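The values are calculated or read from the model by the stated rules, or taken from the named source; none is laboratory data. Bear in mind the structure is a predicted one, so any value in this text is a computation, not a measurement. Neighbour counts run over all protein chains shown; Cβ positions are idealised from the backbone, glycine included.
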Amino acid sequence: MRCALGAAVGLSLALGATTVIAQPVESVPSPANNTGRVFITLTPREDAYLARAKEAAAFDFTGTLVRVCVAPQTGPGADVAPPPPPARDTWYTDPAKVFDNLYFVGTRIHSSWALTTSQGIILIDTLYDYASDEAIVGGLKKLGLDPASVKYVIISHGHLDHVGGAKLMQDRFGSRLVVGGPDWDMIEQSVHRFPNGKPRRDIVATDGQKITLGDTSVTIVTTPGHTPGTLSLIFQVRDHGKPLTVAYSGGTAFNFPNDVAHFDTYIASQRKMAKAAADAGATILMSNHSEFDNAVTKIKMMAARKPREPHPFEIGADAIARYFKVTEECAELARYKLMQAAK
Ligand SMILES: [Zn+2]
């Protein structure tokens with residue numbers, strides 16, 4: 001991000017209107033008033049975490065800020081069968097070429113990325129099962145790519161909105177599946193979540209592992225927190241031949257058991273991935289939900305890109321550092337609230 005200060009001030013003003021610093025201590029969000037806005041009542045210490053997160057988010061990461069600071073989830077979902085698929089027009093969006101060697105085959109909500117190499121495709125994430133056949137298999141074909149050339153599928157984590165098409169890719173195309181060990185366990189232990197069958201355990205991802213296909217490697221950074229086996233990634237793309245490095249964040253929201261130990265793990269992973277991104281010289285931040293990286297909007301913005309303008313995904317190393325500051329500070333806020341509540 002080239003100039004965060006003005007935007008940060010603006011956002012502080014915008015969100016500051018909903019933040020009440022109150023004495024005595026009261027940290028339970030009050031219900032929506034008749035304006036429809038939820039007022040968050042925080043202690044000064046809690047508000048300091050939120051202020052740092054808002055400043056880091058500026059206008060670049062408002063979706064992430066809302067998800068983990070303003071209205072965070074507070075626990076995991078139950079092991080139940082998924083609801084019926086939503087109407088197609090709520091999730092369908094066209095596939096797109098985004099970099100010389102990276103293609104979007106996701107939905108309006110979830111991202112699936114196809115990284116092309118000299119010897120086939122590395123696919124990152126597989127959406128919900130209801131979307132995977134049309135968005136991924138159909139999307140690759142629409143883009144002139146062969147789904148049978150997907151040799152590896154890396155799953156950011158084992159929740160259904162990312163692992164839904166893994167079985168399809170494994171069964172139909174023989175793609176090798178790369179999943180974090182604890183998330184293989186999570187998939188295998190689920191009783192109700194996979195009514196149409198589960199993917200079979202394949203490659204167990206490890207920290208620092210390189211998934212290499214032809215001339216291209218993806219480096220795995222294990223970032224437990226969102227799930228115990230969440231995988232983040234570092235890899236290179238090319239923009240009109242110019243190499244650029246992507247930091248891919250594999251898990252974000254707080255829908256895990258909300259206790260101090262889990263937040264300690266999550267916070268350590270945010271710091272770890274921030275360092276990995278900085279060390280690799282990453283200037284692109286990607287995630288698995290458009291809510292966090294604005295992927296679908298940025299893809300649309302590409303139509304308005306003029307020659308020599310930066311790629312909409314190229315936000316710079318400073319912005320990437322700020323992204324992981326948002327998730328870290330918001331997790332610190334949640335952790336602090338837990339510790340206060342336990343007193
Ligand atoms: Zn998830």
- Query: Looking at (1) under 30 Å from residue 329 (Cβ atoms); (2) outside the structural domain of residue 333 (by TED's automatic domain parsing), which is the only condition residue 81 fails?
  - Reply: (1)
- Query: Which members of the stretch 300-336 meet the condition of being within 18 Å of the chain's Cα centre (by Cα) and not in a helix (DSSP H, G or I)?
  - Reply: 312, 313, 314, 315, 316
- Check whether at least one residue in the stretch 232-241 is assigned to a loop (DSSP other than H, G, I, E, B) and either of a type outside the set (Gly, Ala, Ser) or more than 19 Å from residue 126 (Cβ to Cβ) (or both), and report yes or no. yes
- Message: So, in the stretch 208-218, how many residues would count as being surrounded by 14 or more Cβ atoms within 10 Å (Cβ to Cβ) and either within 16 Å of the ligand (Cβ to nearest atom) or more than 15 Å from residue 116 (Cα to Cα) (or both)?
- Response: 1
- Query: If you take the residues in the stretch 227-251 that are small (Gly, Ala, Ser) and crowded, with 22+ Cβ neighbours inside 10 Å, which one is farthest from residue 112 (Cα to Cα)?
  - Reply: 229
- Please state which one of 242, 272, 210, 198 is under 15 Å from residue 180 (Cα atoms) and of a type in the set (Lys, Arg). 210
- Item | Unmet requirement for residue 257, which otherwise passes all of (1) within 16 Å of the ligand (Cβ to nearest atom); (2) on the phi > 0 side of the Ramachandran plot; (3) surrounded by fewer than 16 Cβ atoms within 10 Å (Cβ to Cβ) | (2)
- Message: Looking only at residues that are free of Cβ contacts under 8 Å to residues at least 12 places away in the same chain and not aliphatic (A, V, I, L, M) in the stretch 263-305, which one is farthest from the ligand (Cβ to nearest atom)?
- Response: 305
- Task: Filter the stretch 298-343 for residues that are out of contact with any strand residue (DSSP E or B) (no Cβ under 6 Å at 6 or more places or on another chain), over 20 Å from residue 67 (Cβ atoms) and of a type in the set (A, V, I, L, M, F, W, C) and give the result.
- Result: 301, 302, 303, 304, 317, 339, 341, 342
- Task: Output the number of residues of the stretch 175-190 satisfying the condition of being away from the ligand (no atom under 16 Å from the Cβ) and in contact (Cβ under 8 Å) with a residue 24 or more places away in the chain.
- Result: 5
- Message: For the stretch 57-78, give me each residue that is within 17 Å of residue 312 (Cβ to Cβ) and small (Gly, Ala, Ser).
- Response: 58, 63
- Note on the structure: Reported set for the stretch 71-85 where residues are under 22 Å from the mean Cα position of the chain (by Cα) and in contact (Cβ under 8 Å) with a residue 24 or more places away in the chain is 71, 72, 73, 74, 75, 76, 77, 79, 82, 85
- Just for the stretch 231-254: of the residues that are away from the ligand (no atom under 14 Å from the Cβ) and of a type in the set (Val, Ile, Thr), which one is farthest from residue 320 (Cα to Cα)? 237
- Query: From the set of residues in the stretch 164-187 that are closer than 17 Å to residue 222 by Cα and aliphatic (A, V, I, L, M), which is surrounded by the fewest Cβ atoms within 10 Å (Cβ to Cβ)?
  - Reply: 186
- Residues in the stretch 178-203 that are within 30 Å of residue 72 (Cα to Cα) and assigned to a strand (DSSP E or B) total 3
- Condition set under 26 Å from residue 82 (Cβ atoms) and touching a Phe, Trp or Tyr at 6+ places or on another chain (Cβ under 7 Å), scope the stretch 141-172, selection nearest to the ligand (Cβ to nearest atom): answer is 161
- Query: Looking at (1) hydrophobic (A, V, I, L, M, F, W, C); (2) surrounded by fewer than 24 Cβ atoms within 10 Å (Cβ to Cβ); (3) more than 16 Å from the ligand (Cβ to nearest atom), can you tell me which one residue 121 breaks?
  - Reply: (2)
- Identity of the residue in the stretch 127-149, in contact with a strand residue (DSSP E or B) (Cβ under 6 Å, 6 or more places away or on another chain) and assigned to a loop (DSSP other than H, G, I, E, B), that ends up surrounded by the fewest Cβ atoms within 10 Å (Cβ to Cβ): 143
